[in-house]
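The structure under discussion appears below in the form of structure tokens.
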Amino acid sequence: QVQLVESGGGLVQAGGSLRLSCAVSGSIFSICTMGWYRQAPGKQRELVAHITSGLIADYADSVKGRFTISRDNAKNTVYLQMNSLEPEDTAVYYCYADLFTTQWQRDDYWGQGTQVTVSS
């Protein structure tokens, strides 16, 4: 069974940095796009960043210039380096992966979420 395990969340002061990691395990044929979403209380889940298998990345306007997404295909791991954090970045961050479990079966998978809290 495919699992996405996130780590790196926590409490940080405004202006600080955190790095989130998400390791994908299980029966995986190949991973297409990986990324991060976040959801704050009372708000809808929004895309933070995603990165394709060809390492092409895209970001939400609110995080451009501050966050960097990367992936290690050998480790089936995606990272989110978050710099210059702001209180508005406080949310539960969810990792996702669009992947093939076989050469014919493609689905989206989600991590359990990790809390990021930025104090002012």
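Details
- Relative to the 2.2 N^0.38 Å rule of thumb, region 1-66 has a C-alpha radius of gyration ratio of 1.27.
- Each residue of region 20-25 was assigned a 3J(HN,Hα) from its phi angle through the Karplus curve 6.51 cos²θ - 1.76 cosθ + 1.60 (θ = phi - 60°); the sequence is 8, 10, 9, 9, 9, 9 Hz, with glycine and proline shown as x.
- Between region 1-21 and region 72-120, the alpha-carbon center distance in angstrom: 8
- Rounded to the nearest Hz, the phi-derived 3J(HN,Hα) couplings of region 113-118 under the Karplus curve 6.51 cos²θ - 1.76 cosθ + 1.60 (θ = phi - 60°) are x, 9, 7, 10, 10, 10, where x marks glycine and proline.
- Area accessible to solvent at Cys32, 1.4 Å probe radius, in Å²: 30
- Each Cα pair of region 21-99 feeds into the Kirkwood radius, which the Stokes-Einstein equation turns, at 37 °C and 0.692 mPa s, into a diffusion coefficient of 253 µm²/s.
- Extension gain, Leu11-Thr101: 0.36 nm per intervening residue step, less the Cα-Cα distance, totals 28.9 nm.
- Rounded to the nearest 20 debye, the dipole size of the chain about its Cα centre is 140 debye, using +1 on the Cβ of Lys and Arg and -1 on the Cβ of Asp and Glu.
- Label positions at Gln1 and Ile28, each projected 7 Å from the Cα along the C-beta direction, are separated by 1.8 nm.
- Isolated cysteines in the chain, defined as those with no second cysteine Cβ under 4.7 Å, comprise Cys32.
- Gain in span if fully extended, Asp61 to Asn73, counting 0.36 nm per residue against the direct Cα distance: 1.7 nm
- With θ taken as phi - 60° and the Karplus curve 6.51 cos²θ - 1.76 cosθ + 1.60 applied, the whole-hertz 3J(HN,Hα) list for region 42-52 is x, 10, 7, 5, 10, 6, 8, 6, 9, 9, 7 Hz, x standing for glycine and proline.
The values are calculated or read from the model by the stated rules, or taken from the named source; none is laboratory data. From a predicted model like this one, the values you see are computed outputs, not experimental measurements. Glycine also receives a Cβ, built like all others from the backbone with ideal geometry; neighbour counts cover every protein chain displayed. Note: areas computed on protein heavy atoms with side chains; ligands, DNA, RNA excluded. Shrake-Rupley method; radii C 1.70, N 1.55, O 1.52, S 1.80 Å.
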